[in-house]
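Everything on this sheet refers to the single structure shown next.
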Amino acid sequence: METLWQDIRYGIRMLGKNPGFTTIAILTLALGIGANSGIFSVMRQVLLQRLPVPHPEELALLYAPGIKSGHVSSDEVDGSESFSYPMYKELRDRNQVFAGLAAKAAFPVSVAFQGTTERADAEIVSGNYFETLGVRASLGRLLMPADTATEGGNAVVVLGSGYFKKRFGSDPKVLNQGVVVNNQLMTVVGVLQTGFDGIQLGRVPDVYIPITMKPLITPNSNGLSDHRDYWVKVIGRLKPGMSLTQASAALAPTYHALLEEELPLNASFREQQKKEFLAKQIVLRDGARGRPLLENDTGRQLKALMGMVALVLLITCANVAGLLTARGASRQKEIGLRFSLGASRWALIRQLIVESCLLSLVGAALGLVIASWISSALVSFASANDIATGLSASLSLPVLLFTTSLSLVCGILFGVGPALSATRIQLAATLKDQAGSLATGMKHAALRKGLVVTQVALTLLLVVGSWGFVHSLYNLQHVDLGFKPDHVLQFALAPQLNGYDQVRSLGLYRRLEDRLAALPGVTSLSATEEPLIADSDRGSNVTTEGMPQDFAEANDVWRNAIGPAHFSNLHIPLIAGREFTRQDGPDTPKVVIINETMAKDFFPDGRALGKRMKFGGGNGPLDLEIVGIVKDSHHGGAKEKPRPFAYEPYTQEKNVGALTYYVRTAGDPLTLANSVRQVVTELDSGMPVYDLRTFEDQIDRRLSGDKLVAVLALAFGALAGLLAALGIYGLLAYMVTQRTKEIGVRMALGAPPVRVGWMLCGEIALLAAIGTVVGLPLAYGASKLVNSMLYGVQAFGLTSVGVALAALLVVSVAAIYVPVRRATRIDPMVALRYE
């Protein structure tokens, strides 16, 4: 240990004697390590962090993949995470593997307190939810099984810690006070402990309400007794010593028995569908990190970013290794003298590695500042663009440990090679003050050449990938969405959450539309039940007149309820028929408009107009007449492919709880924002207006994840190019210094300066060519990992490779200009006297 302290003290003195080298190395390392720590801070939360509850390893998420008949409310790919509430209760009461089995679902609500009404995010949870998770209250109490004993029996609410601070100013007097939730008075009975933000990272609930209050939360859908309404998400805590495999096997008979009991409720199933229904299995997945929605949405992008910053760090290490190699060459006499005094090679290597680790640790300390900036920027960006809320920008202890470990690994990584090279000397020549001998110079130059080749290869790999993400973003931003979003202001309101029934809601919508149409600058407007380009969709199976037999098993379509003149307002071309008008009301014959894809798929004879259809299967009447056909347009996002779509008038829906309006203006849409709020307030002072923004801003938000990856990839590619330029510059400057006498001899013998310049350029060109040959296969292999994240482009292609090679050419020319210019201006007489 004493020896190590001596090495550290000596290393500090030596680094202090060369402040220029030390500063450049530390700043370079700070960039590389800081970028890695910043990305890791966010990635750890999304992919690695466990729920802040006791023994999270005991938690399991329940899935039931397979056929379903009825209504499915899903936020994952296939709806397998959703159960009916009756099924959940049976599993809770009849299983033998869980110490507790809890249920939850998320819905927006309207919360009024002291005269102010706002929209909030609610979770309705089973009475054993907090008990199962092991979460405590910071004030009052949490929900208990008695709170969900009867339907609508206990109007109580628990506040999330963040909402308690934001909305109620952390005032403990709110306990046992009443707040109005969806127009019903509810009592605040507790505040959740700080640090627990639910089981779904990225979505922080504001309030928690008993699950048996669902009729109040979703007035148009009870769901508490319907076996064919799948909306509950289930999480359980396994009994001690029970593994996921054992629990799945033990739960299988119980689940199969429940399926047999439910089979008669699915009368529309054919024989094959009945077999598939009974063959379904419960799947248990690790629930230690909670529900994986944010991981599913952003995990691949975060891994790609982590891979990019790792490449940047490798280039950084190569750059610092090059600096250390040059420094080692300048210390040959010192090292030779220490050898002659009896120092072992191992002792000198250890000393040099300690110095490199000191550089790395100081660089990491400075890098934490950069990491904090990057982490804060990512968290703010995610929150502002509705990607995720509740992420922490602070650097946690695991991040600090990661940074420290990474700095030590880097210190060893870029320190070993230069240390071995610096201690491999010709002692006699060195002590005769010939440290710049040909053999020594060639040895150090060879190592630095290898480092430059590595930098070029890694930079090529990074630039190719970066261009793929940038080109993908360009494609997404220029997708033809099928409508024109410019000069459109969007906003939403949900009267049903304020106690409106269907008749009152329709009256409010009509008055609102009349008032909005009269505003100066408004040219047209329309409304939709499902918001556009918001990753929100609703589907249904359909039965159509003369439906092809091929569609007997695949007749699902997307659907949306819209207002009059919706297509003309958004400039969606009408192919045939007519749009909806105000005459299409609740008491008139039901009508529907379909898109071009549905017309072609379901009516191959080309005669869709005037045909009849219905939503759902069975033998009921075909009660909808097709009155129009429109061009395909994007609904959920820019990446979706055309699929069958059916539109119906919102006035002919049974319940329209909320509408999103699209107001087209002659000028800047945001200038109407205050007027829109004023109109809504005049109609109902307690009605919250939400998602008020331009339609173009809404589309940008949906592309924000791709934009973030593209911008960071471009930044990391540029940083890699800068580091590669510094590496090439350092190598060439070193070569010019080492070969000054040789250059002088050549010029004294008549070699023109241009020839000397081309000689040096040729050596760099050879290294760049070798790096390119090494980097292209690496880039091709890496492209296979990122192609699935790109839209309309392959990461490895002629364009991306061409851009990467052009970037390397620019980098190389910029890096070699000063050293070559210096070499061509050497005075032969001065060079011949140079040592």
How long are the semi-axes of the ellipsoid equivalent to the range 268-327, from square roots of 5 times the Cα gyration tensor eigenvalues, in whole Å, largest first? 53, 12, 10
Here the equivalent ellipsoid of the range 594-672, derived from its Cα gyration tensor, has semi-axes (largest first, whole Å) of 29, 18, 12
Per residue, what accessible area does the chain have, given a 1.4 Å probe and all protein chains present, in Å²? 44 Å²
For the range 565-611, the Kirkwood Rh over every pair of distinct alpha carbons, in Å, works out to 12.1 Å
If you line up the Cα atoms of the range 1-47 on their principal axes, what length do they span on each, largest first, in Å? 42, 30, 7
Taking the square root of 5 times each eigenvalue of the Cα gyration tensor, what semi-axes in Å does the equivalent ellipsoid of the range 646-710 have, largest first? 25, 20, 12
Among Met547, Ala527, Val416, the residue whose Cα sits farthest towards the positive end of the charge dipole of the chain (+1 at Cβ of Lys and Arg, -1 at Cβ of Asp and Glu, taken about the Cα centre) is Val416
Which three extents, in whole angstrom, do the alpha-carbon atoms of the range 480-548 cover along their principal axes, largest first? 49, 37, 24
How large is log10 of I(q)/I(0) for the range 1-105 at q = 0.11, 0.17 Å⁻¹ when the intensity is taken from the Debye formula with one equal scatterer per alpha-carbon? -0.64, -1.03
What size of dipole, in debye to the nearest 20, comes out for the chain about its Cα centre when the only charges are +1 on Lys and Arg C-beta atoms and -1 on Asp and Glu C-beta atoms? 3980 debye
With only helices counted (DSSP H, runs n ≥ 4, each -39500 (n - 2.57)), the per-residue ellipticity at 222 nm for the chain, to the nearest 500, works out to -16500 deg cm²/dmol
With N residues in the range 209-286, Rg(alpha-carbon) / (2.2 N^0.38 Å) equals 1.36
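What percentage of the solvent-accessible surface of the chain, computed with a 1.4 Å probe over protein heavy atoms, is contributed by carbon and sulfur atoms?
On the way: 21450 of 36670 Å².
In the chain, the share of accessible area belonging to carbon and sulfur is 59 percent.
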Point-to-point label distance, Tyr10-Ser536, nm (Cα→Cβ direction, 7 Å offset): 6.9 nm
Peptides 700-712, 88-100 ordered by average Cβ neighbours within 10 Å, highest first: 700-712, 88-100
For the chain, take the longest principal axis of its alpha carbons; what is the angle in degrees between that and the long axis of helix 345-384, to the nearest 10 within 0 to 90? 30 degrees
Where both residues lie in the chain, what percent of DSSP beta bridges are antiparallel, nearest 5? 75 percent
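Percent of Cα-Cα pairs more than 56 Å apart in the chain, please.
26 percent
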Projected area of the range 470-593, taken from the Cα convex hull and averaged over every viewing direction, in nm²? 11.6 nm²
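To the nearest 20 debye, what charge dipole does the range 197-258 have about its Cα centre, counting +1 at the Cβ of each Lys and Arg and -1 at the Cβ of each Asp and Glu?
The calculation lands at about 160 debye.
Arranged from highest to lowest average of other beta-carbon atoms within 10 Å per residue, in what order do the peptides 668-675, 301-308, 350-357, 457-464 appear? Could the numbers behind the result be given before it?
Details: 668-675: 15.8, 301-308: 20.6, 350-357: 22.1, 457-464: 28.1.
Result, highest mean first: 457-464, 350-357, 301-308, 668-675.
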Helix 753-786 sits off the longest principal axis of the Cα atoms of the chain, rounded to the nearest 10 on a 0 to 90 degree scale, by 30 degrees
Expressed in nm², what is the orientationally averaged projection area of the convex hull enclosing the Cα positions of the range 117-183? 4.9 nm²
Charge tally for neighbours of Ser568 with beta carbon under 13 Å away, counting Lys, Arg as +1 and Asp, Glu as -1, is +3
Regarding the range 93-218, what are the three Cα extents along the principal axes, ordered largest first, in Å? 48, 30, 26
As I understand it, the dipole of the chain uses +1 on the Cβ of Lys and Arg and -1 on the Cβ of Asp and Glu, about the Cα centre. Which of Gly322, Asn674, Val46 lies farthest toward its positive end? Gly322
Sorted peptide list for 106-119, 311-324, criterion being average Cβ within 10 angstrom, highest first: 311-324, 106-119
For the range 471-481, 3J(HN,Hα) per residue [Karplus equation, 6.51 cos²θ - 1.76 cosθ + 1.60, θ = phi - 60°, Hz, x = Gly/Pro]: 5, 4, 4, 4, 4, 5, 6, 10, 5, 7, 6
Taking Cα atoms, the helix 397-422 axis meets the longest principal axis of the chain at an angle in degrees (rounded to 10) of 30 degrees
Over all Cα pairs of the range 533-633, the Kirkwood radius sets Rh, and Rg/Rh then becomes 0.94
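The values are calculated or read from the model by the stated rules, or taken from the named source; none is laboratory data. Note that the structure is a prediction, hence the values are computed from the model and not measured. In this analysis, Cβ positions are derived from the backbone assuming ideal geometry, glycine residues included, and neighbour counts consider all displayed protein chains. To get the accessible areas, we keep the full protein, side chains included, count just its heavy atoms, and leave off ligands, DNA and RNA. Shrake-Rupley method; radii C 1.70, N 1.55, O 1.52, S 1.80 Å.
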